[in-house]
Each structure stands twice: as C-alpha cells, then as structure tokens.
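The values are calculated or read from the model by the stated rules, or taken from the named source; none is laboratory data. Keep in mind that what you see is a predicted model, and the values were worked out from it rather than measured. Counting neighbours? That spans all protein chains shown, and the Cβs are built from the backbone with ideal geometry, glycine included. Just so you know, the surface numbers come from the protein's heavy atoms only, side chains and all, with ligands and any DNA or RNA stripped out. Shrake-Rupley method; radii C 1.70, N 1.55, O 1.52, S 1.80 Å.
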Amino acid sequence: MAEVWTIAETHNGSLKEVSFELLARGRALADELEVPLASVVLASHTREGELERLAAYGADIIYVAEDERFASFTVHSHAAVLLPLVRDHGPQIILAAATTTGRTLLPYLAVKLGCGLTADCTSLAIEEGTGNLLQIRPAIGGNIMATIKSPDHRPQMATSRPRSTPLGNMDTTRRATVIRVDPPSLSTDPVEVLGVRPFRDQQTSIEDARTVVSGGKGLKKRENFTLIEQLATALGGEVGASRDAVDRGWATYPHQVGLSGKTISPELYIAIGISGAIQHLAGIKTAKRIVVINNDDEANILDIADVAIIGDLFAIIPVLLRRLNERRKTQ
Amino acid sequence: MHIIVPIKQVPQSSDVKMDPVTGTMIRSGRSSTLNPLDLYALEAAFRLTEAHGGSVTVVTMGPDSAANILKEALSMGAERAIHLTDRPFGGSDTYATSYVLSRAIEKIGSYDLVITGERATDGDTAQVGPGIAAWLDLGLVTYVSSIEEATSTHLVAERLVEEGYQRVQVALPALLTVVKEIAIPRLPTLKGKKRAMASTIERWDAEAIEADRSRIGLKGSPTRVVKIETPKVARSCTIYHADGDEATLAAVDHLIDLLEEQQLLKEVHHG
C-alpha cells in the first residue's frame, strides 16, 4: 500500500496554508487509490496543535523531523532527511508546493531518486485502470494545458500551484500516526543561511496574497502609482505591477506579474491601466476573479476579465477608494 | 573564476505548435530566440568575471538553429561556446536535459560556478538548474537576486523568496539560478559581434559527453506528455462604462456590490 506524501511547509513553527492545500489534493488521490496519506514536516519546531491540524485536514500519517537547521530552507539539509525517508518507505506519489522551496527541492530529489517530476500543476487525478498520477499543468504561457504522467518510475512527483485548490473539510476528530524521524547528521551543508531581510514595501509576497491590485502603463507616472498602493491597502491586498511599470521603476521586481515575473492565483486580481500583453495574461490566468479598470474597451485583458469598468482611472479610483471607506465606516 | 552558463533557445512568441503524437514541442521553422531569463544569468556571470577575472563558457542543447543563441552569448562577452546536438537528445524532459548538460559540464572540467536563468519561458518548469546541481552534487542556491561577495572559495548572495530576501553563503563550486532583479543585461556590441563571427562553436554529440543512452532523449525521460488541450477561456466580462460622475459612481457601486456578494471584500475589516 504505497503511500501518497505531501511535503508541508512551515514558517516560524507554523504550517503555511499551502500545506493544507496539498493535503486536499493528496486526500483525493489517496482515497481514489485506497492508500494512506502522509504529510512530511521538516521544521525547527512545531507549535502546539500544528500536527493535529494536519490530521484534521486529512493526513493519516505525519513524519516529523525537528531540528534547528530546518529554521531556514536549504535544499541540502532537506534532501538529507527526505532521500533516506523516501527510500525506506517507498511512497508512490510525492506532492510539494510550487513555491521557491518546493520548486528547488523537488527537482533536486527527482534527479537523486531517478524519477519524473511535473512543475506547477493546477490539477491532479488518478488514471483509471493504471493508477498512474495524471499531472495537469498550464504550459506555453497558459495557452495550453498539458497532461503528463510518469508511468514507469516511482515515486511520481509533482509541485502544485498554491491557491489552485480549495482546502478540504476540517475534521478535528481525525487522528494521525505521528512518526518522529531523526535527522541524519549532515557533515557539511554547502549552503549556510545568514538571515532573512523582510520586504520593505509589502507584507507578504504577491503569490501568497488573496487580493492583488496591479498597475500598468496607464498610471502614466510614478507618483500616480500610489493610487494602486492605496487601493491595495483598502482591500487588504498586495501591490502588483506589469512589466512596463517595473521597467519604469514605479514598482520593484518582487511585484512583477507575468511571464518574466510571478504567476499568481489570487482570489481577486484587479488590473488597472494594464492593456494585457500575452506575457502579463500568462501570469494571472488562474486568478479566481479578474477585475479590470481601463480606458480602452478593446484592451486584450478584457478577454479574461470577469468585470470591467471602462473610463478614466484617475476619476474612477478616487471614487472607489471613497466608497470602500464609507462602506467600512458603516459596518 | 570560470563560470559556465547553460542557455536555451525558446520560441519567439508564446504561440507554438505541439506534436500531437509525442506531445513535445515542434520547434523547427518557427522564429526562436535566447530565453529572455537567461540574459540575467549571462549578465551575472559577466559581472563576476569582470570583477574577479576569468571567463564565461556557454553551453546549450538543441537543434542546429540553437547555434544562434550561442553566437549571441559570444557577442555579449562569452569566451567559449559548446553546442550539444545529436538526434538521440531529442524529446528529453527536464531529467534527461539536466543529465545531458551535467555530462557536458563535467567534460568542460574545472569551473567555479554554474549560473542558469530562473526558468525558460517556454517550458516554465525551473527544474533544469536544480537538476544539474543534483547530478553534479553542487551546492545549490536558487532565485538569487543579488551577489554581495565572491571569493575563490565562497559567495554570499540573496535569494528572493516568499518571506523576503534570504541571505546565504555558499561554498564553491556551486550552481545558482538567478532572477531578473540581479542586473540589467547588456546588449551585444559591434566588436563582440565581429568576435563572435570569428569564433568557432564546438559541437558535441552523445558520444563526446559519454552519455548513458538510457538517460537521454525521449527514452531516457521519466515523464510523458499524454494530452495537450487548448483551454477555452470561459469568462464572460460584464462591462460598466464610467462616463461622467454619475456613471462612475454607479459603476463603482456595482463593482463593490459584486465583490461583496462574492465575499471578496472580507479583508477590508483588517485593512
């Protein structure tokens, strides 16, 4: 009964939301295959109750390795635990998040384990008859969806795009078997983490944000970009930017959305003064809701928008800010 | 400091054809270009060798036409260019590709750094860089946004991650993947173009890199593309025209109602 595994991610002892999204995906696959679902946690420590949350969201087994060295991610410290663990237990599927961590760790493990890996999947399923994992991902800038499988190699590995699946139902009566793993001593890690410098101008990365408000060329100049910042604040979201806006220095690179920036799937994406080059659209195709504010009613971005306000953004945004503010005061 | 930069030829536009039988990309006959994200890897390598001495070697795996991107890299300042081209390489997935590139890097011999772009804009996997590091047992640092310090034994760099910038020290030799923030890429110079024209590109096949045949090409690739679909965008856009004050207010209120209805405003309370 080869298990299905998910690789949890933690930050300061707490599990990141994407860890539970992976369990939602993993649970569906494990049920289909009728095998146990395990979550693997590598952390410096786990807060009280965190492992129980993994059980509540569907893990049958939890492998935990706690060690100070896992306070920060290095691929070598993680691989040193995971490679022997995978070889000992022989899972048939390993899922990780398509984050900077997952997209570094999994390709490294895949080569070491001699197996296939599909990046940034937005859908996963079990093939009828064979039990193979069908890994579905957008490719070529989101213009095609490719279904990929790895029929002759185990484990089958995939990274799953954050926010591409809703969380499963929480059941606090569920219990999991916790298996403590002693991290093997790693003689030397070629990478030493010296520290983390938080972003100066954003709370969280745009990949993690539920709401992203982006500005483009239509803002005309740097000073006007504060409108985007104000709207993002009013909506509790983060600031995004088109490549044009970043190249003009109106926003820094961590804010860039699109093919040469970030691919994001927020609940709400608001594109302001962005015409929608294919490269930009590629970065937002999996957003749940797309709202456009633009003066051109033939802009490309309307093809993938749900709602658009066509008009002068310099007239529209102040009204929008005022109405949001009034609404908040009346609540 | 000797730096090896693996680069890739990608289709010019985001519109490419797929082979319905093998599920792999059809590249020939379409206009191709150097993967735009590889320009940042090249620039990072040039700046390091300019500051510390040394040279840059570029390597690519691809059909005959891929020689063009090697020429482009030579004209920007690379000293040596190696073209891995052989029919059995065709159809390689990221596992097989990283194997072929790692064999070539091994044959090139002594080096301090391998630098790749964050990912290629066609496949968009970001798997080949980390894969090469795994084959060669190199220290691996991904998403590098700046290099603070480089010596003959180590390098201090920052990585752009979800929480901010992670500062790391890595022992050399190592493999870095870099993001756009690292530097503004240079353009080829006329002098460089002339030099590139005069340079020869070395062509290596599977035998030259002593590749294990079971690990290359479609046969050596664990993954199979089984289906390609073009997703139909099912969104239908509701349009409000904000002409004049009244219409603007009405449009804004429609939008707010809609967002509220779909529970997309719930974070406003915290804002």
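Here are some notes:
- Taking the listed residues B:LEU136, B:LEU84, the one that is closer than 26 Å to B:ALA206 by Cβ and open to solvent by 10 Å² or more (accessible area, probe 1.4 Å) is B:LEU136, with no other qualifying.
- Among the residues of segment A:320-331, those identified as crowded, with 16+ Cβ neighbours inside 10 Å and in contact (Cβ under 8 Å) with a residue 60 or more places away in the chain are A:LEU320, A:LEU321, A:LEU324.
- Residue count for segment B:145-189, restricted to those that are without any contact (Cβ under 8 Å) to a residue 24 or more places away in the chain, among the aliphatic types (A, V, I, L, M) and farther than 22 Å from B:GLY54 by Cα: 2
- Considered as a group, the residues in segment A:273-296 that are part of a strand (DSSP E or B) and farther than 21 Å from A:GLY142 by Cα include one that is nearest to the other protein chains (Cβ to nearest Cβ), and that residue is A:ILE293.
- Residue within segment A:311-326 that is within 10 Å of chain B (Cβ to nearest Cβ), within 24 Å of the chain's Cα centre (by Cα) and in a loop (DSSP other than H, G, I, E, B) present: no
- Count of segment B:187-208 residues, restricted to those that are open to solvent by 70 Å² or more (accessible area, probe 1.4 Å) and not aliphatic (A, V, I, L, M), is 8.
- Residues (open to solvent by 20 Å² or more (accessible area, probe 1.4 Å) and touching a residue at least 24 places away in the same chain (Cβ under 8 Å)) located in segment A:35-50: A:PRO36, A:SER44, A:HIS45, A:THR46, A:ARG47
- Strands (runs of 3 or more DSSP E) completely within segment A:42-132 that count 1 or more residues being under 28 Å from A:ALA146 (Cα atoms) and touching a Leu at 6+ places or on another chain (Cβ under 6 Å): A:93-97, A:117-121, A:123-126
- Scan of segment A:179-206 for residues that are modelled with pLDDT of 90 or more, open to solvent by 70 Å² or more (accessible area, probe 1.4 Å) and more than 9 Å from every other protein chain (Cβ to nearest Cβ), ordered by number: A:ARG180, A:ASP182
- Enumeration of residues in segment A:247-271 that are in a strand (DSSP E or B) and either among the polar types (S, T, N, Q) or open to solvent by less than 10 Å² (accessible area, probe 1.4 Å) (or both): A:GLN256, A:VAL257, A:LEU268, A:TYR269, A:ILE270, A:ALA271
- Elements of type strands (runs of 3 or more DSSP E) in segment B:121-237, at least 1 residues being within 8 Å of another protein chain (Cβ to nearest Cβ): B:139-150, B:154-161, B:164-171, B:174-178, B:224-229
- Residues that are within 11 Å of another protein chain (Cβ to nearest Cβ), of a type in the set (D, E, K, R) and surrounded by fewer than 24 Cβ atoms within 10 Å (Cβ to Cβ), drawn from segment A:121-160: A:GLU127, A:LYS149, A:ASP152, A:ARG154
- For segment B:54-81, the set of residues classified as open to solvent by 20 Å² or more (accessible area, probe 1.4 Å), of a type in the set (S, T, N, Q) and not in a helix (DSSP H, G or I) consists of B:SER55 only.
- B:HIS154 meets the conditions (1) over 23 Å from B:VAL226 (Cβ atoms); (2) surrounded by 20 or more Cβ atoms within 10 Å (Cβ to Cβ); (3) not aliphatic (A, V, I, L, M) in every case but one. The failed one is (2).
- Residue selected from segment B:13-41 under the condition within 12 Å of chain A (Cβ to nearest Cβ) and modelled with pLDDT of 65 or more, by the criterion surrounded by the most Cβ atoms within 10 Å (Cβ to Cβ): B:ASP38
- Residues satisfying the stated conditions in segment A:248-260, i.e. modelled with pLDDT under 90 and farther than 23 Å from A:ILE140 by Cβ: none
- Residues that are within 13 Å of A:PRO318 (Cα to Cα) and in contact with a Gly (Cβ under 7 Å, 6 or more places away or on another chain) within segment A:226-236 comprise A:ILE228, A:ALA234, listed in sequence order.
- Yes/no for A:ALA30 being open to solvent by less than 30 Å² (accessible area, probe 1.4 Å), closer than 22 Å to A:SER77 by Cα and not in a loop (DSSP other than H, G, I, E, B): no
- Test for A:PRO84: is it open to solvent by less than 30 Å² (accessible area, probe 1.4 Å) and either of a type in the set (D, E, K, R) or more than 14 Å from chain B (Cβ to nearest Cβ) (or both): no
- Among the residues listed as A:ALA241, A:ALA299, the single one being more than 10 Å from every other protein chain (Cβ to nearest Cβ), in contact with a helix residue (DSSP H, G or I) (Cβ under 8 Å, 6 or more places away or on another chain), free of Cβ contacts under 8 Å to residues at least 60 places away in the same chain and closer than 23 Å to A:PRO138 by Cβ: A:ALA241
- Qualifying residue in segment B:102-109 (condition: crowded, with 20+ Cβ neighbours inside 10 Å, among the β-branched types (Val, Ile, Thr), modelled with pLDDT of 95 or more and touching a strand residue (DSSP E or B) at 6+ places or on another chain (Cβ under 9 Å)): yes
- Single match in A:ILE310, A:ILE317, A:ILE304, A:ILE278 (criterion: in contact (Cβ under 8 Å) with a residue 12 or more places away in the chain and either buried (at least 23 other Cβ atoms within 10 Å of the Cβ) or among the polar types (S, T, N, Q) (or both)): A:ILE317
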